[in-house]
Each structure stands twice: as structure tokens, then as C-alpha cells.
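The values are calculated or read from the model by the stated rules, or taken from the named source; none is laboratory data. Values in this document were obtained by computation on a predicted structure and should not be read as measured data. Here the Cβ positions follow ideal geometry from the backbone for every residue, glycine too, while neighbour counts run over all protein chains shown.
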Amino acid sequence: GVNPDLASERQTASFSVGRLTTLLDGGAERTRLRRAVVEAIERDPVFSRENEYFQSQNERYEAAVRKAIHLQKKMREMGWTEDGPEFTYICRALSGDVAFLLHRVFIRSISVLGSDKQVAKWIPLATEYQLIGSYAQTELGHGTYLQGLETTAVFDTTTQEFILNTPKISAMKWWPGDMGRSATHTVVFAQLYVRGKCYGVHPFIVQIRSLQDHSLCPGITAGDIGPKMNFEHVDNGYLMLQNVRIPRENMLNKFCEVQPDGTYIRRGSQKINYFTMTTVRVSLISDEVILPLMKACTIAIRYSVVRRQSKLNPGEEEAKILDYQTQQEKLLPPLAAAYAFHFINNYLHKLFDRGYKEIQGRKFDSLPELHAFSSGFKAMVSQHCIAGVEICLRACGGHGYSLLSGLPSLYTKIFASCIYEGENTILLLQTARFLIKCFTAASAGRPIPPSVTYLAAVKPRKCPAKEKLDFLSPDVYTEAYQHTAIRLLSSTAAKLQDLIQSGVEKHEAWNQCTVQLVQAAKAHCHYITVKNFVETVEKLENEAGIQKIMKHLCDLFALHGIFSNAGVFLHDGYISGAQMDMVTASYLDLLGVIRKDAVPLVDAFDFTDKSLNSALGNFDGHVYQRLYEWAQKSPTNKQMSPAYVRYLQPLLHNKLSKL
Amino acid sequence: EALVINDPDFQHEDLNFLSRSQRYEQAIRKSSLMVMKLREYGIADPEEIYWFKSFVHRGRPEPLDLHLGMFLPTLLTQATPEQQDRFFMPAWNLEIIGTYAQTEMGHGTHLRGLETTATYDPATQEFILNSPTVTSIKWWPGGLGKTSNHAIVLAQLYTQGQCKGLHAFIVPIRQLGTHEPLPGITVGDIGPKFGYDEMDNGYLKMDNFRIPRENMLMKYAQVEPDGTYVKPLSDKLTYGTMVFIRSLIVGDSARALSRACTIAIRYSAVRHQSELKPGEPEPQILDYQTQQYKLFPLLATAYAFHFVGAYIKDTYRRVSGDINEGDLSELPELHALTAGLKAFTSWTANAGIEECRMACGGHGYSRCSGIPDIYVTFTPSCTYEGENTVMMLQTARFLVKSYNQVSSGQRVAGMVSYLNDLSRQRIQPQHVAARAVTVRINDPVSLVEAYKARAARLVEAAAKNLQAELNHRKSKEDAWNRTSVDLVRASEAHCHYVIVKLFTAKLSEISNAALRAVMTELCLLYALYGISKNTGDFLQVGILTDAQITQVNQHVKELLAIIRPNAVALVDSFDFHDIHLGSVLGRYDGNVYENMFEWAKKSPLNKTEVHESFHKHLKPMQAKL
């Protein structure tokens, strides 16, 4: 049976959990499919994650490879395909704990950047696993700034080959997944040189290991980069190239080509090289960032109604810790954020699908907007989610630190997301650059992309709210966000302009404004997220119960943002001191309201116990029993530690008395 | 330091490459050696032992921590002379290895909720110990899982049918000689955690386990042979240990943050990225304003916490001197202050370590950066020795009490004396801070006043909201709960004020002019950055104006540029040895990339050129497909 403390929470739900789940999935058919896929995966013992927390790096890697290979078998058995609707659910069920994820990026980059001939040659080999690919961009000394890469590919006209080199230690490729141990091939990004002239960074397919015995090819040095905070199952690797020759045809040449005589030809936009990255960034937001936050909320909120501590009223039993206002203040804003980000992610995907089609048709107009969007949202969402998961971890007291809670591994994993696919600060600055451009265009009366037309809007200078209930009006808070976003951007633009006019060089002026630019980019993303949440809630008119609770969450998300950035809203008096007290009061009231539906709201995420892999977060709430039983399975309890015989025994048996 | 670092016995493989079991074994090996060497060298001064230990274990936890840090001291303070004769020397000689078992699976900071029972049986003159439920299993004590053969167990004492509350008992748990658990005892390791790999945190379940009456620690409370209970004289005294340990955490916060800053700042001077000026080589990332904005406020914070840690340590010494003379008057404030500062500094340092890690880009995520290790070792301090939110609320309780005293016309002393001003303002009907627009943002002393005004206003607001809730005829506890978010904010503002005040006070003690100048810059940065991150509090009631906030933001950025040339020198001053720092990115010599490569080559996955997984899985698959 279910722990009564958890069961009682489910009886009072103000809405139908099942319908909300369907809404999150995007339809009943998808819910059914997702559950079927997850069930098929979890029923298979090869995919079990139960021992994951006890395993060494070597064991985790081996398990991930075993799973990846078993997955191929499973997919054929079940009739699933890589581009079928099941695939996202497969990833969800495996929680990313599987090898060859970079192999997919390898395939994707060839399909986007390769010519038809290259696609025909490489893609079948890769999908049949006759080779295993990786994607090698980052170097030891260079990350997000692509132009700084030091690896070179020099074209040799006489042999019709490129000669690849990592000329010094900082040029060594470092971090690519699947490359340390598994990959036979990789896409290498290198500076292209033809006849002494540098043409910038281009992608090349390079074989690194023998297809016969997996030994390293001549001129190649490769290996694993050593232990990290998480991702023990991934063999992130290093790669040194010394005069490695590859045929001319191995440069991915859909958009750029070096002809046999060394002539360099460009078709379409250079920006397309970054497109692979942009697509990865978008898919990353949901799988690697939002899902972990949803899981962490599920674990922490369920645990918080099972855990009891101290007494709220004398004579009563100890209170559920979720009944403490401070605990609600920790957990409910991240919960609201998880919903907000789920909806903004849907919006991004729509935007992106449209853009993808345009690019296929060789129309590149929307690229800057897509790029700015994906950068800014990846940064904002990942920062919020990282903070949210950490709050969940620390909200579970001591038990949160046990790996068996599932929270540390969620945290260390999501932690990485602020770096890979672009460091967050740099991404926000890219968004800021786009915004400044649009703002300048808008001021000059030139057309700007639809997502930023608000920059041209003229709005009132004061918030109209008169009492705390007014702040539950979406118009009131959306306008406050809009006003703040415009103010931060326009004041930064003005400062930038001032500096340049006073004779400061452009790049130096930019550097002096970067702290403000980052703030402005965040405010923009925050505003769009709030606005999108509001619009999503409005569209739920056929689901009264769900619409009501989603409205509460939307209000909470918006007011929490104002409450925690009070200064920004107070700064020019748009919101007054008295109004800020109303915001605070409304915000704290909402905590009490949402508290009642907290458990149903996480139940609606519909994670199985196996995918949570947490002693604290199980559906049935038998926390302590599970923690105790699981701990007993720890290898440290199965064998007598050699430490006893070697060190403790002599110590205890008075060797010391000799001293 | 040199004694340890040059001793070949203390060398071992990089811990990052070892499994949990191997790390535990290494730690035990070093602890055993350490005890022997300490005696060989005749080191007995506690301060010297502390340093020796911290170099042997490089600032990491070890399985004997609880034996040395809790078991022995508890014997000293709570055991009778007869008990000391029985237990102390064997424990000193490590025939007895003990731990301190307080926390249970279902109960943490709220001690009164513990469920373990010790029932006195006058017939046999024994206590019968029981863990009656799953939630009552002792859970987390360090060294309990595999190392200890004794534990001091905290349990609810029952005698003559009555519960007398929590008391401490010495319980043997493993057979001397075989190290097997005794009958009635179930003991083991609680499994892998977020860090603390070398520590065997354990569980302990007791089923009708009997110990002699003399095993209850009876220096204060006693149970007589017939079961009569004798009450202790004062229960305030047990505060002392808590205050002491929490005050140590303030120092730990400073050290952990200093280490992370050292790594991130040195690495940022070595790493080059992008371009600032077109056509010029890639600049050091430390030249970017955004990077400075991430790291320099943390550097200033590390210095601030360092001074606060020293202050708390001194105050504790002074107050515990008073206590020994029977003067308990300063204890409540010290207790409230350490609780709040423990929470404030550990939260801030925790977030700061993360920020440092993120400031190191991808390489910060590698274990070779050393920051993941600092983080996982430090972060539990937000929870242990009192969960931080609970700590903040304890401070708030003291603040509200002081506020109420002032409201009823009394004056309060110490760090909260600013509350006295509130009553004066009430006489002149004027808003709390309406007068304070005279803040000079270049003057630390003036900024202390701004922080003081903010603390006063948030304490007042929380106290008034609490009163308003009470007026709604809610129970006291309910009203308190409904105000707790405000109360935590008030405590944070109070602690923030105390830190700015102590940092500012420190400046006048520095005689060297150059040093005072650079410390003044750091102090200003700390204070101004704090304002820029909490502008709402300062704007809302007019402590500062919009224009002043803009100036504050501008001045923060100017200070970043001023501090930039001294940044590396300022972290070098923390004087962490490379071995202690344990970071490839933070090396003193800055040879980062070569050494990362060397380090990676030693990774367990690289032990063989072709990994066994290739033959086991990859090859068969390729053959089949």
C-alpha cells in the first residue's frame, strides 16, 4: 500500500492528474506510447539502473556500452526507429545512461553538413554500426569560441589529401564523448588552409581507430580524459593528430568545398556550420535540463510530505515538512519553473521546426533569431534548473546527500549543462548582441523579427496595481516584466552609445557593458517565458480544473521572479515600495494555495520509480524501508573491508602500545 | 606541513582514480599512520594536531574524525572520573574506536523527536537499548559503518516508567578481536554519497541490547541503581559544544571558498579565449568584465568570512571563559549569532564554490580541477550541525525577542543594539530609513550604516507581520510558520550587516598602508556588491535612491578593474600548497595543459590501450550487424 501521508495528499487534488499528464505529453496517444516504451525498456533487466550508484567508472562505461548494443537489438525487435516517435521516450526511459550519444551527433552533423554523396556513403555505415562516430570540436585550450580553435587541416594538392595536425598541447581535442574508448571515426573541426591561406573552421571526417582490432590509427593519440563530476559512463576523450592524412572527399562539403586544384567554393551561409550546434542546444533543453528538474521536484516534494519534523502545534504529531512556509518557498517556485520551462520549450520547438524547414529550402533569414533564441533560453533555463535541482537536494536534509536519493547524480549531471554546447555567459551575450541590434533597428523605425516587436512598444511608466489581488492579473505582471526588459536593454544601449561617442573603442565599450548586457538578455528571456506561460494558460479554457491550477503556477512563477529581483522592478519606480509589499504578500499566499496540490502536480510528470531511481521519491512513499534495504546492498556491506585486516586490526590490537 | 608532505608513507595515487573502497582504505591507512607519527614526534598541542591532520588528509574527512572530534571530547566533558578511567585510555590508545550516534533515519535537527530508547532495568542494573521503528535506526554517523567498535548513542531515557528525555550512552557494537557485530546489533555502511567517499557513514539498529548502568554518561544527569533519576544542574551548558562546532564551520566556509577562488583565479589568468580587440591575440579570460564580476566579489567574500571566522573564534574563547566563571549572560546572543553566521557563510560559500567551478568552463567539471571535490566535501555543512533554514530561524527568534524588548522600552546590547534606534524613531514619527539618504558609497563606515538600516527595517517588518498574524487569533506556532520567509530574510540581513561591520572594523587594525588600501578595496567591493545584489531592500524604503544604486553598480565595476592587477597576489596570500589544493587548474606554476594531459593518462579507463568492452561488446555487435 501507499504510505498514508502520501495517499492523503492525492485525495484532495483539485484537478485530474491523468488529464494533466496527457496535456504535458501533447495528447492521450502520446501518453500511451510513452508508457509502452518506458515499460518495455524498464522490464528488460539489461537496462536496470539499480546498481548504478555502486559502480566504478570502468563498470559504468561497460554497462553503458552493453546497454547501447542491447538497445539496437531491442529496437529491431520492437520495430522502433531512430527518427520514429518512440525515440524521445527511449531516451527518457534510459535517463541518458547509455553509450553512443555522440554517435548520433556524428550522424546528425553528416546529414546536415554533408553532400548527398557523403550522406549516401557514411550514414548507412553509421546506422549499421559498422563504425562508431564522435564529434570533436572543443580543444584543451578552446571552448565556446570556435574561431580560436588551433587544429589545422592543410590541403595537399599533389596527393589530394588534407593533412591534419594538433600543433600544440592546447590544440588537443578534449571532452568529446564516445571518443576516449569507443569511437572509430570522428568529425574533427579544424582551420582549413589551402595554399597558405586560412579559410576558417571546417568539419572533416577522420578515422581514429582500426576497424579490425580497434587499435589507434597511425598519427593518432587518443584516450579517456579521466573522472568527472558525473557522466562516468561516457568516455569523454582526448585526441592528438600528427600529420594524419585524409582524402579530399572527407571534408563535409554541402556548403563549402575545396576542389581538386585547391579552389575554395562556398555555397550558402557560413553560419550553417553552427546549425548542428543550435539543434543540439534545443533538444538539450528538454532532455538534459527540464526533465532533471521535474525529477528532482518529484523526489523532494514526495519526500517532504513523508518526512516529519518538529511540531507546528503543541500536542499534535510532528508536522510534514512541506507544511513549513520555508520549505514551500524552497520547493514550489522550482515546481512552477518546471512547468514554465516545459511550455517555453514547446514554443521553442515550434519555432525551430519552422526554421528547420526554411533552412532545408536554403532560406537563412531566421537563423540569427533562432540562434539568439536557442542561446538565451538554453542559458536561462539551465541556470534556473541547476539552481532548482540544488535547492531540491538541500531541501531533503541529510538524506539528500545520499546517492540513493537520486538527487546528487541529477545535480552533477545538470551541472554540466551550463558549460557544454556553449558557456552560459557567452550565450547570453550572443542573445544580447541580437537584442541590441533589434533595439537599434526598432529605434530607427526599421522592421524587426516578430519575437522582439515589444521593443518598439510604448507603455505606461507606472504599474497600475492598487491592492495585492491586482498582482494576480497576468496583464499587470506581464507588463511589469516587459517594462523591465525594455528598460534594461535601452539603458544598456544608451550607455554603450555614450561610451562609443566619448571615444572608447567599440570592443572595449562592449566589454565595459557586459555585466549589464547579461542582465538585459536574462530579463528578455524571463519576460518571454512569463508571457508564453500566460498565453498557454489562456488556451486551456476547456480544462477548467487544470486551467485554474496552471494559473496559480503561472502567477507564482511571475511573482517569484519579481520578489527575487525586487531591485530591478523598483529601480525606476515602475513598481513602488508599497506595491512590492503587495507582490510579496500575494506571492506568499500562493505558496499556501499550491501546497495543497503539490503532490498531484509532481505525480502528473508521470515518472516511474525506476526512472527516478531514488529511495526518497517513490510513488508509494515507503522512504525509510527502501533506504535501509538499498543501503544493505552496498558493496561496502557485502565484503569485509581489506582495511580491517591490513590496518584496523593491528591498530586495535595494540601495536600502538609499543610507542 | 613539510613534515607530512615529504613523508613517503603519506604518498598515494591520485584519489580521483580510486574506488570508494580504496579511498576508505587509504584514509584508514593514513589515519593509523598519523596517530603513530603524532606520538613519535610527540605532537600534543591541539592546534598542531589540527594542522598535522589537515595536511595528512589534505582537508578531507577521514574515518577517525568522529573518534577524535566527538567521541574523545564527549568522554572528557560528560563522563564521570570513573568512566574516564574505564574508557579514556583505551580510547586514547585506539583499542576502543568510537563514534557519536545521534541522527536517525527519520529525525535530524529536531533532537527531541529522536526515537531510540534506553529503558532501565533495575533488576539487572542494565539499560536495554532499542531501535523500535525503521525511522529510529541511527543513520549517518561517520566511522560507524566499518571502523568503530563503540558508539556514544543518544537515546530517550525511560526509568520507572517515565521518559526523561535524551541522554548519552556508551555502547559497544563490535567484538574486540574479530570486529564482528555483537548479538543484538545490526551495523553497516549507508552506501555511496555525494562526496565523503573515504568516510564510512553508517547505520545502527539495536534490538534489546543490554549495557551496564555505568555506561550512561553521568557527569550531569544520573540514574541511581534503584532507577531514581537525578536531574542535571543546567541544560544550557550543552549549548557550548554546538556553538563551538558551528563557529568552526564559519572558518571552514572561508577556507573552502578561498581554495575555490585560488583555483578559479589562477586558471583564469592562464586561460585565453576569444578576442577583446580585433586582431589581437586571445586575452586572459580574467580580463573580461563578466569573469571579474563572477570571481572578485567571491574573493572579497572569502576575505570577509576569514575575518568573521577569526572574530567568532575569539568571541567563543572569551564567552566560554565567562561561562566557566558562571556568567552565562552573553551566551544567548553568541548562540544566535553563530547559528545565523553558520547558515549565512555556508550558503554563500556553497554558491560561491559553484560559481568558481562554472567560471572554469568545461575543465571545472573535470575532477582534475579539484573544485568538484571541494564542493562535495563542503556542501553538507549546509545541513549538518543544524539545517541552515532552521539556524536562520533560531537567529530570527533572538532578533524578534530583542525587537520586542525594545518595543517595551528596554534597551538591548551587542550586535542588535541598532534596534534601539527604532524606538527613538517611533517617537519622532518618521519612517525607519527615511533619513538615511546621506549614505556615502565610497566609505565603508557609511555603508555599514546602510546595512544597519536594512537589517533594522527587515527585523521590524518581520516582527510586525508576526504580530499581525497573531492578531488573526492564530496559534503562536502557526503565526510563526506563516511569517518564516520574512523571518529568514531578517536574519540574513542581520548577518550581512554583522559581516560588513566586522570587515570594516578590521581595516583600522591594518597598519601597513598598501595592505590597508587593497583590503579597503575588497571591503568596499564586498559591501557594494551585496547592495547591488539586494537593491530591492535598499530601494524599497529609500535607504538608497535610484541614482545611488546606479552609482553603486558603476562603482562595483570600477573596483573590478582596480582589483584586477592584484587578483593573483590576493589568492597567493591564502598560501595553499599545491598538494593541499589538489587541483591541476590551480597549480602555483600555472602549467595547466601539460599537466592535465599527464593526469588524464592515469585514468582507469586508460589502463589498457584497447578497453575490454571492445572485445566483449563492440566487436560481437559489429560482426552481427
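The figures follow:
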quantity	calculated
Failed item in (1) in a helix (DSSP H, G or I); (2) touching a helix residue (DSSP H, G or I) at 6+ places or on another chain (Cβ under 9 Å), with A:LYS548 passing the rest	(2)
Test: A:THR431 is facing chain B (nearest Cβ under 8 Å) and either of a type in the set (S, T, N, Q) or in contact (Cβ under 8 Å) with a residue 40 or more places away in the chain (or both)	no
Matching residues, the range A:230-261, being farther than 15 Å from A:LEU192 by Cβ and either within 14 Å of chain B (Cβ to nearest Cβ) or buried (at least 23 other Cβ atoms within 10 Å of the Cβ) (or both)	A:ASN230, A:PHE231, A:GLU232, A:HIS233, A:VAL234, A:ASP235, A:ASN236, A:GLY237, A:TYR238, A:LEU239, A:MET240
Pairs where the first residue, in the range A:435-448, is within 19 Å of A:ALA520 (Cβ to Cβ) and the second is not in a helix (DSSP H, G or I), C-beta under 8 Å, 6+ apart	A:CYS438/A:ILE448; A:CYS438/A:PRO449; A:ALA441/A:PRO447; A:ALA441/A:ILE448; A:ALA442/A:ILE448
Residue among B:SER31, B:SER54 that is over 30 Å from B:ARG213 (Cβ atoms), in a helix (DSSP H, G or I), at the interface with chain A (Cβ under 10 Å from one of its Cβ atoms) and under 24 Å from the mean Cα position of the chain (by Cα)	B:SER31
Filter result for the condition that a residue is more than 24 Å from the chain's Cα centre (by Cα), in contact (Cβ under 8 Å) with a residue 40 or more places away in the chain and assigned to a strand (DSSP E or B), over B:VAL187, B:VAL153	B:VAL187
Selection count where residues are under 24 Å from A:LYS522 (Cα atoms) and touching a helix residue (DSSP H, G or I) at 6+ places or on another chain (Cβ under 8 Å), scope the range A:347-364	6
Hits in the range A:147-168 - residues which are within 14 Å of chain B (Cβ to nearest Cβ), surrounded by 18 or more Cβ atoms within 10 Å (Cβ to Cβ) and touching a Phe, Trp or Tyr at 6+ places or on another chain (Cβ under 9 Å)	A:LEU149
The range A:109-146, residues that are among the hydroxyl-bearing types (Ser, Thr, Tyr), surrounded by fewer than 22 Cβ atoms within 10 Å (Cβ to Cβ) and under 25 Å from A:ILE69 (Cβ atoms)	A:SER111, A:THR127, A:TYR129
The lone exception for B:LEU298 - which of (1) under 19 Å from B:LEU559 (Cα atoms); (2) within 22 Å of the chain's Cα centre (by Cα); (3) modelled with pLDDT under 95 it fails	(3)
Boolean, A:TYR574 is facing another protein chain (nearest Cβ under 9 Å) and aromatic (Phe, Trp, Tyr)	no
Residue pairs meeting the criteria (Cβ under 8 Å; at least 6 apart or on separate chains; first farther than 12 Å from B:ALA349 by Cα and at the interface with another protein chain (Cβ under 8 Å from one of its Cβ atoms), in the range B:359-384; second of a type in the set (Lys, Arg) and part of a helix (DSSP H, G or I))	B:GLY364/B:ARG357; B:TYR365/B:ARG357; B:PRO372/B:ARG357; B:THR383/A:ARG394
Residues (in a strand (DSSP E or B), over 26 Å from A:VAL119 (Cβ atoms) and among the β-branched types (Val, Ile, Thr)) located in the range A:204-238	A:THR221
Residue selected from the range A:283-319 under the condition part of a loop (DSSP other than H, G, I, E, B) and in contact (Cβ under 8 Å) with a residue 12 or more places away in the chain, by the criterion farthest from A:SER405 (Cα to Cα)	A:LEU312
Elements of type helices (runs of 4 or more DSSP H) contained in the range A:594-634, each with 1 or more residues being within 14 Å of chain B (Cβ to nearest Cβ)	A:623-632
Qualifying residue in the range A:307-315 (condition: crowded, with 24+ Cβ neighbours inside 10 Å and either in the same structural domain as A:ASP609 (by the TED database) or closer than 19 Å to B:THR109 by Cα (or both))	yes
Any chance B:HIS615 is under 30 Å from A:TYR129 (Cα atoms) and crowded, with 19+ Cβ neighbours inside 10 Å	no
